[in-house]
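Heads up, the thing below is written out as structure tokens.
The values are calculated or read from the model by the stated rules, or taken from the named source; none is laboratory data. Only a predicted model underlies this, so the values are computations on that prediction, with no experimental measurement involved. Methodologically, a virtual Cβ is constructed for each residue, glycine included, from the backbone with ideal geometry; neighbour enumeration extends over all protein chains shown. These area figures cover heavy atoms from the full protein model, side chains too; ligands, DNA and RNA do not enter into them. Shrake-Rupley method; radii C 1.70, N 1.55, O 1.52, S 1.80 Å.
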Amino acid sequence: MKTFCLTFLLLLGAGSKGICQEAWQARWISHPEISPEAYTVLHFRNTFTINTLPTKQSLKISAFIRYKLYLNGQYLGQGPANNDPIHYSFDEYAIETHLKQGQNLIAVEVFDLNALNPVRYISDGVKLIVEAEGEMGKLINTGNPGWKVFQNKAYLPTLRGKDFEVLGYYAMGGGEKVSADAYPWGWERANYNDSDWKSPRSFELGYPYGFKYDYGAADIGLSTRRIPMMDESSEARPSLRKVSGLLEKTFLDAWKAQKPLEIPANSEVSFLLDQTYLSKGFPTFSFSEGKDAQIEISYAETLFEEDRKAGNRNEIEGKKFIGLKDILVADGGNRRVFSPLLNRTWRYITLKIKTSAQSLVWDNYQANKFIYPFEEKAMFRSSNPLHRQIWEVGWRTARLCADETYMDCPYYEQLQYIGDTRVQALISLYVSGDDRLMRNALDQFAHSMTDEGITQSRYPAHLLQYIPPYSLFWINMLQDYHMLRHDDAFVKKYMGQVTSILLWFEDKLREDRLLGPMPWWSYVDVTPDFDKSSPPGSWTGGSAVLTLQYLYALQEAIPLLEYFQKSELVQHFQTLSAQIREAVLKQTYVSEKQLFADTPDRDHFSQHANLLAILTNTAEKNQQSDLFQKIIRDTTLSPCNIYFRFYLTRAAQQTGNGDYFVRNMQVWEDMLKEGLTTFAEHVGRTRSDCHAWSASPNYEFLHTVCGIQASKPHFEEVLIAPNLGDLKEASASMPHPKGKIEVNFKVNQGKISGEIILPAGLKGQFIWKDARKELVGGRNVL
């Protein structure tokens, strides 16, 4: 029976040629005695002998919720890529170079933390599946003899509110408490004695997505991983900022020399490590001796003042450490290595060590990243030296907010929200050219749709949440992809979901064609006078902000539907769009103020309603520039926070006020002054020090300041319309499907000179004030 329908590389590249309908030959396996509701860490081993080494050999693997794979003692990788059970990911490894003649060992750590699983993971009970192609499958397929399993009872959870505290909403579960004397040290090595390990319990076969019968009891459809493996490269060694308890200079000198640190018996000492910038991955600690010593390892983005304000992130004196905690209880053994099951996010790490009757030796520290392997292929430079720093901090922000999915923030949630993801995906395409994670996100949000007819707000996730306006941004995100990539088959398959969302909102329209009371949470932006971040009229009806956002999605959906020849839908939604535009204009425009109100009561005004009136052309085109100026000057309007400034900039571009962005970067400059090494969630007091939507300058520098835009679907033509503000010079390059776009501008007394280099076969137009120039592939001199 053929068990491989597609190779890993095929799905990363050209895509599927069909749906695999044959069952795997391997079965899901687990421990025979555990409860599926338990907090569980399992170790699996399979020792097998091969006489003839294969020239090519692959291995497929998946697990709930996570696995870490070793072959002959060598770490190969971890996964699976985060997904929902119906589209559950499996990974494929080429293992021929890791095999040896004679005895071999596959070892896999698998864990499911149940109630303490991060919200991003959807559990089906801890289990593993491994399958090999060809004759090797008889030796290593799970469900066949040879596999053994051990439940690692060394692990217990640390709990928020009991063992540690964090600020604000926290979706990352808990930490880990590990008792070293119960840990099976060396379990992944060939010389480990597993004679007392159990034979695993076998469950159903693995079934691929699209299986021709049914999935059986598990309801799991296995799908080939569609994104690359993560960047797990080494992280730089942090500095030791502070030692409390004893012998400070001795420890500081030893740390700098990278020598082991010995903590005497019956003592207490704490260490504060400073990465000097935010990082995300797996810190690894090695300790020897020190039986019964307790080592508390905590991770934080920043330190806090007494009033729980962060202040300058570089300052540590008089500040308090608040953050996720892991605990290790030493057993007196030699070089006991601790690394957490799940990735951690930190700038600061504190170790609090309390020894007992035996001194403890801290042998070593190292860390590895765990982030999506984006490559920085774009560049931006300007005559403002701060821009380079903003670019670097923004790119770090974007990278830390992406691994196997996009995520809003790496420390507190690691959840893929549509609102954040639209901004992140544009940064990805402009800076790296890598569209795989964007496609993955578009797929996953489409998969999140239920009988409501709209997407969930964040997905994958084991807790359902609806933010209806985020479904609209999914449509905008699909249009972004259509404009920037030639992938018609991918976009076309989601016209049904686009229509479903639009019809869901249409059903919520009142007779006056404004949206009525909205169910769920209509999150728009964190701003004064918005109730729980929802604009006036969200729950009572008549919200101009939500109605205009619906119109914004309608207007971007219509070209998609037209492109794919959905003529009846196009006609229907064009008529509806005209009705909504007229209704908003009639009921919320206040001529005396020359502003759009947030509701027909006309007693509350925001930047949000007015910028959306611009983007949807609800405001007359000849009035849009003046309206934008009122938006940014009228201090009585509820202002946009960092997130919605992305849309404020879109309105600036549309109205010929694109210089607004580069002239108003104080938000990001202030964060640099506060010692932030990533950009925060909100202006001022913030929860997260790293939030992807705040990395938008990396997109704006290319798209707005240098003006590089797709003017036709698939990026078949380019418009370059720079908005340089007071800059004397600016240069940039960015990846394009046909090659690289490069621009170099100099401005002198209002006149621009320079050059634009386009890939062969790409044409476009350059616009500067009233001047226009046709562009062709190659070098274009201004």
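Numerical summary
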item	result
Cα-Cα pairs of the range 424-532 separated by more than 19 Å (percent)	50
With DNA, RNA and ligands ignored, accessible area of PHE338 (1.4 Å probe; Å², nearest 10)	10
Per-bin percent of Cα-Cα distances, the chain [10 Å]	2, 13, 21, 24, 20, 13, 6, 1, 0
Between 0 and 90°, nearest 10: helix 468-484 axis offset from the chain longest Cα axis	80
Length added when fully stretched, THR49-ALA115, from 0.36 nm per residue minus Cα-Cα	19.8 nm
Test item: Cα-centred dipole of the range 542-605, Lys/Arg +1 and Asp/Glu -1 on Cβ, debye	60
Distant alpha-carbon pairs in the range 245-316 (separation over 15 angstrom), percent	67
Net charge dipole size for the chain [Lys, Arg +1 and Asp, Glu -1 on Cβ; Debye, nearest 20]	1380
Label-point separation, GLN389 to GLN21 (7 Å along Cα→Cβ), nm	6.2
Gain in span if fully extended, ALA357 to LYS492, counting 0.36 nm per residue against the direct Cα distance	41.7 nm
Which of HIS714, GLY684, ILE767, positive extreme of dipole for the range 661-781 (C-beta unit charges)	ILE767
Surface per residue (accessible, 1.4 Å probe) for the range 449-538, Å²	35
Calculated Rg and Dmax of the range 81-153 using C-alpha coordinates, Å	14.8, 43
SER288 accessible area, 1.4 Å probe, all protein chains in place, Å² to nearest 10	10
Between 0 and 90°, nearest 10: helix 624-633 axis offset from the chain longest Cα axis	60
For the range 166-231: rounded, prolate or oblate by the Cα gyration tensor [a/c cutoff 1.5]	oblate
Share of carbon and sulfur in the accessible heavy-atom surface of the chain [1.4 Å probe, %]	47
Enclosed volume per residue, in Å³, of the convex hull spanned by Cα atoms of the range 655-781	126
Unit charges at the beta carbon, dipole of the range 178-267: most positive-side option, LEU246, TRP187, ILE220	LEU246
Cβ charges +1 (Lys, Arg) and -1 (Asp, Glu), total dipole of the range 668-747, debye	160
Exposure of LYS319 as accessible area (Å², to 10), given a probe of 1.4 Å and all protein chains	40
FRET E, pair ALA190, GLU96, Förster distance 30 Å, beta-carbon r, rounded to 0.05	0.95
Calculated FRET efficiency for the pair LYS148/GLU729, C-beta based, R₀ 51 Å, to 0.05	0.20
Average accessible area per residue (Å²) across the range 348-418 - probe 1.4 Å, nucleic acids and ligands excluded	31
Qualifying trypsin sites (Lys or Arg not before Pro) for the range 196-270 [loop in DSSP, other Cβ within 10 Å: at most 15]	LYS212
Percentage of interatomic Cα-Cα distances in the range 400-478 larger than 17 Å	38
Structure-based [θ]222 nm, the chain - -39500 (n - 2.57) summed over DSSP H runs of at least 4, per residue, nearest 500	-7000 deg cm²/dmol
The range 216-265 - Rg (one decimal) and Dmax (whole number), Cα, Å	22.5, 63
Calculated over the range 283-429: convex hull of Cα atoms, volume per residue (Å³)	158
Under 12 Å from the LEU719 label point (7 Å along Cα→beta-carbon), backbone N, the range 646-684	653-656
Over the range 577-649 - Rg/Rh using Cα atoms and the Kirkwood inverse-distance radius	0.93
1.4 Å probe accessible area per residue over the range 727-782, in Å²	56
Size descriptor, Kirkwood hydrodynamic radius, that averages inverse alpha-carbon separations across the range 615-669, Å	11.7
Contour excess over end-to-end distance, with Cα ends at LYS198 and ASN312 and 0.36 nm allotted per residue	35.7 nm
Computed E for ASN664/GLU511 - FRET, C-beta separation, R0 41 angstrom, nearest 0.05	0.50
DSSP-assigned coil residues among trypsin sites (Lys or Arg not before Pro) in the range 87-186, each with at most 13 further Cβ atoms within 10 Å	LYS100, LYS153, LYS162
